[in-house]
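Participant: Before we start, here is the structure in question, set down as structure tokens.
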Amino acid sequence: LVLTVELWVMWEEIGEVDEDYAPIHTYQVCRVMEQNQNNWLHTNWILTEGAQRVYIELKFTLRDCNSLPGGVGTCKETFNMYYYETDEDRAMKESRYIKVDTIAADESFTELDLGDRVMKLNTEVRDLGPLSRKGFYLAFQDLGACIALVSVRVFYKRCPFLVKSLAEFPDTIPGSEASQLVEVVGHCINNSMPLYEPPRMHCSADGEWLVPIGKCVCAGGFGTVCRCQVLLKGEVCIPINVARQTGATSCSCEDEYHKIDSDPPNMACTRPPSAPRNAISNVNETSVFLEWSIPMETGGRKDVRYNILCSRVLPDGRGLEECGPNVRFLPRRVGLSNTSVMVADLQSHTNYSFLLEAVNGVSEMAKDYTKQYVTLNVTTNQAAPSPVSVVRKGYTGKSSIGLSWAEPDRPNGIILEYEIKYFEKEQDSSYTIIKSKETEMVVEGLKASSVYIFQVRARTSAGYGAFSRRFEFQTSPYCEYTGTIQSTMAARCGFVCLRPKWCHVCSAAVKFPGVRTYIDPLTYEDPNQAVHEFAQEIDVSFISIERIIGAGEFGEVCCGPLRLPGKREIQVAIKTLKAGYTEQQRRDFLWEASIMGQFNHPNIIRLEGVVTKSKPVMIITEYMENGSLDTFLKKNDGQFTVIQLVGMLRGIASGMRYLSDMGYVHRDLAARNILVNSNLVCKVSDFGLSRVLEDDAEAAYTTRGGKIPIRWTAPEAIAYRKFTSASDVWSYGIVMWEVMSYGERPYWEMSNQDVIKAVEENYRLPGPMDCPEALYHLMMDCWQRERTNRPKFDEIVCLLDKLIRNPSSLKKLVNSSHRVSNLLVEHASAEGDCSARTKSVGEWLDSIKMGRYTELFVEGGYSSLEMVTQMTSEDLRRVGVNLAGHQKKIITSIQEMRVHMNNTNSPINI
Ligand code: ACK
């Protein structure tokens, strides 16, 4: 027990050195010259830990009174030790303490010793008991001596845990009386039992085991222990016939028995185990579960392990062949500590032989060790093919992805077909399955610029294997060269050329069945429902507003970080609805979110969500570092290369193509409504105005400072509100002009009325300075009076791509006569250039007396002859031409058209 003592008034705490000059810490008192001394030193409360007798060892020095100078009348050479027993740590008056003894010194020290500062240390031990409380205090009383108390050690004695005569005796606390013996009954250790009566020992007050009575002996089947020196320390009962030498200084093992270095000295000699027992197999297709019991004989060791040897039985008695690395063992093949294993990836319909072997730590040492094993013969069943491991992406188009994969590692039969499952990423609630007999296929009818998940599985007569893991591929946003794709695919995708001069091979003019279309929020009775259908509600606590970036129609536009749980932080723009709004204003404000939330395209501003459950109401969109395009261009006048400018235009056209594919007409396309990010990516924004125009022609004049965007609006939209994607194309032409002139105001300071009049009279904006001719031609085409003659957005994207790929086509700049400032140029129609219209599908079908199919063709997406030229018989069947004679007639005519196209490279006129 560790004792800490507390100093009481008259005793002082002093640092000293002992006889060996080691530093000591003492409590001292030395008031030998004063009368009536009564100085106490108390310990803390000392717990007995159940001991009934404790011992106190004191170390102290005491001054020889005779050595003191002068009157020694009051000087004492003893001090008293007291104790007080208690169940709780509560200090008591000294008068309640019981005296243990008066302590005198065997050796006292003189002044001479004091001079050397060397103390003569006395050691006295007293015992205390019987104790019955939880703890006690000690106290030392000085009546006028010169004492230094150096240490107080309090301890009790116990009989330690003992193994004797094959019996265990627990750690035991002695009784309270010095002569008392505590009787303890022993417990026979492993493989032994009491002989006649249970063994007993007696624990003395001094902590010694005395008077053994009875003993344990080895049980039947176990022999007495090895009596050699090494083993004497710990007797054990071991199987008979093992290591019987007596009297030797070290044990050697009998034949067939071994010890390894890491075995404890008192461990008996051991031998290899016998074979595993009760081995059984359970076949599941091409997997086998093997199970067995531990061997009858473990050889006296606990480290039994199992190894498996797998062999394939060759047909026609040609012997065995090892299974090879493709077969999997779970958890492993060798060193198994459990008595089972799963063997997977075997071949189907095949005989196997499994050898199950038991080994232990001494198996290796047993020289002539004949392996202990059992054999299991197993036949696997029919099994489905293993999964396809890798799916690769081949040709990627706007609406199609070519896939290829390798046959599964273990086909387990003849592969009849493959199943390809795919769905748009994060829309896995519905998926499509298509089949292929080959290890490749082109998946068609996909959305442009979208990520799809693909999985492939094989089928044999045994059924489907598991699907491969998921592979993620994205369709191309571009209108790519399609020459390498099968014609069926070209037709399905609608890659046709409406304007052969611009784009010989591509232009997606078909709206694919299944492409999502824009839903007018007006179709919802409750506008709030529309908002929550298309926009995610964001908790305002995820948004921090950092600064104001501008003023919007309904309130400030701010920016700051959005931290959605589990997502990485992004910077967002926050449009707010100013306080004091009417219900109508709230609806108009959130209207934009209901529209924007339906779009998902890299060139359309992305809606992150809305805040409607707290105020202010907010619309959260991605943040575009460079703000609106018109301001950005003005700020960076002349700073970009033509290719950079065309890249921006291409982005805007691509966004507009997406909107028109979705059936959405923007109505306010202008550079001020395009936002630019830090990578110069342009995104179409501002989806607020369309409804206002739809609702009220007058309102168009009053929104945005009372101006309808006359300068950006197509004549038919101004004249009779004919807003279509074709009128958006007109506006796009104006945006092109804004971009190429670095944010110049279209028609400069001309009044709206003059603009309307000039356009009406077929005057158009002149080519901006340094504008490539090809771009100006495109602008002019966008400003065709006849809206059907304007290019479609997909054609515009296609042309811009072509210009980007071939920058020399941008070298030729607009003729200076087209650039005369303040002078509008007369519009020369591009007829015969790129916009020659062709005969309609209906007319053609009529001409071959197949007019009855016109509607089916148009419904099937074949609305132009160019698209028709890509059709195959399969496509014909798909649109509903089922009669073989009709198919033949139509196909023959299509072939004629193709020949004609190839020869003339010009629009078809039949
Ligand atoms: O030209 P700007 O800097 O860009 O000023 C206007 C202002 O807010 C009012 O519309 C800017 N703005 C609007 N939406 C965004 C956005 N998503 N990212 C960055 N700026 C934006 C716009």
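Participant: Whose amide H sits under 5 Å from the amide H of Arg764, counting only residues 5 or more places off or on another chain, with H placed in the peptide plane?
Facilitator: Val825, Glu826, His827
Participant: Just tell me which aspartates and glutamates come within less than 19 Å, Cα to Cα, of Lys259; anything on the same chain fewer than 8 places away is out.
Facilitator: Glu235, Glu297, Asp303, Glu364, Asp368
Participant: With each pseudo-label sitting 7 Å past Cα toward Cβ, what's the Thr432-Ile294 distance in nm, one decimal?
Facilitator: 6.1 nm
Participant: At 0.36 nm per residue, and after removing the present C-alpha to C-alpha distance, how many nm does the segment from Glu88 to Val374 gain when stretched out fully?
Facilitator: My answer for the length gained is 96.1 nm.
Participant: For Lys683, what is the net charge nearby, where nearby means another residue's Cβ is under 12 Å from its Cβ and Lys, Arg count +1, Asp, Glu -1?
Facilitator: Around Lys683, the surrounding residues sum to -2.
Participant: What does the charge count around Glu49 come to, taking other residues whose C-beta lies under 10 Å from its C-beta (Lys +1, Arg +1, Asp -1, Glu -1)?
Facilitator: Net of charged neighbours comes to +2.
Participant: Through the Karplus equation 6.51 cos²θ - 1.76 cosθ + 1.60, θ set to phi - 60°, convert the phi angles of region 585-593 into ³J(HN,Hα) values in whole Hz; use x for Gly and Pro.
Facilitator: In residue order, the calculated couplings are 5, 4, 5, 4, 5, 6, 3, 4, 5 Hz.
Participant: Round to a whole angstrom and tell me the spacing of the C-alpha centers of region 414-471 and region 29-103.
Facilitator: Each part reduced to its Cα centre gives a spacing of 94 Å.
Participant: So, counting K/R as plus one and D/E as minus one, what does the shell of residues with Cβ under 12 Å around Phe473 add up to?
Facilitator: Cβ neighbours under 12 Å give a net charge of +2.
Participant: Also: Leaving out ligands, DNA and RNA, what percent of the accessible area of region 636-684 is carbon and sulfur, probe 1.4 Å?
Facilitator: 46 percent
Participant: Related question: Which cross-chain or sequence-distant (5 or more) residues have an amide H under 5 Å from the amide H of Gly550, H modelled 1.01 Å from N in plane?
Facilitator: The answer is Val557.
Participant: Then there is this: Stretched out fully, how many nm does the piece from Asp846 to Val283 gain, at 0.36 nm a residue minus the Cα gap?
Facilitator: The span from Asp846 to Val283 would gain 195.9 nm if fully extended.
Participant: Full-extension gain between Glu874 and Leu856, please, as 0.36 nm times their residue separation minus the C-alpha to C-alpha distance.
Facilitator: 5.0 nm
Participant: Listed here are the pairs Lys615/Lys683; Lys575/Lys615; Lys398/Lys812; Lys134/Lys164; Lys447/Lys722; Lys575/Lys683; which of them are more than 22 Å apart at the Cα?
Facilitator: Lys615/Lys683; Lys398/Lys812; Lys134/Lys164; Lys447/Lys722, as the Cα separations exceed 22 Å there.
Participant: I would also like to ask the following. Given the C-alpha centroids of region 333-393 and region 713-735, what is the distance between them in whole angstrom?
Facilitator: What the calculation gives is 75 Å, centre to centre.
Participant: Using a 1.4 angstrom probe on heavy atoms only, work out the carbon and sulfur share of the accessible area of region 514-582 in %.
Facilitator: Answer for region 514-582: carbon and sulfur cover 51 percent of the accessible area.
Participant: Another one. Take the residue pairs Lys425/Lys888; Lys421/Lys567; Lys613/Lys634; Lys567/Lys635; Lys393/Lys811 and return only those whose Cα atoms are more than 30 Å apart.
Facilitator: Beyond 30 Å between Cα atoms: Lys425/Lys888; Lys613/Lys634; Lys567/Lys635; Lys393/Lys811.
Participant: Quick one: which residues, 5+ away or cross-chain, put their amide H under 5 Å from the amide H of Ile570? H built at 1.01 Å from N.
Facilitator: Here Leu562, Leu564 satisfy the definition.
Participant: Quick one: Karplus J couplings for region 621-636, per residue in order, coefficients 6.51, -1.76, 1.60, θ = phi - 60°, nearest Hz, x for Gly and Pro?
Facilitator: Coupling constants for region 621-636: 10, 4, 8, 10, 4, 9, x, 7, 5, 4, 5, 4, 5, 4, 5, 10 Hz.
The values are calculated or read from the model by the stated rules, or taken from the named source; none is laboratory data. On a predicted model such as this, the values are computed, not experimentally measured, just so you know. Using ideal geometry, Cβ is built from the backbone for each residue, glycine included, and neighbour counts are taken over all protein chains shown. With ligands, DNA and RNA removed, areas are computed over all heavy atoms of the protein, side chains included. Shrake-Rupley method; radii C 1.70, N 1.55, O 1.52, S 1.80 Å.
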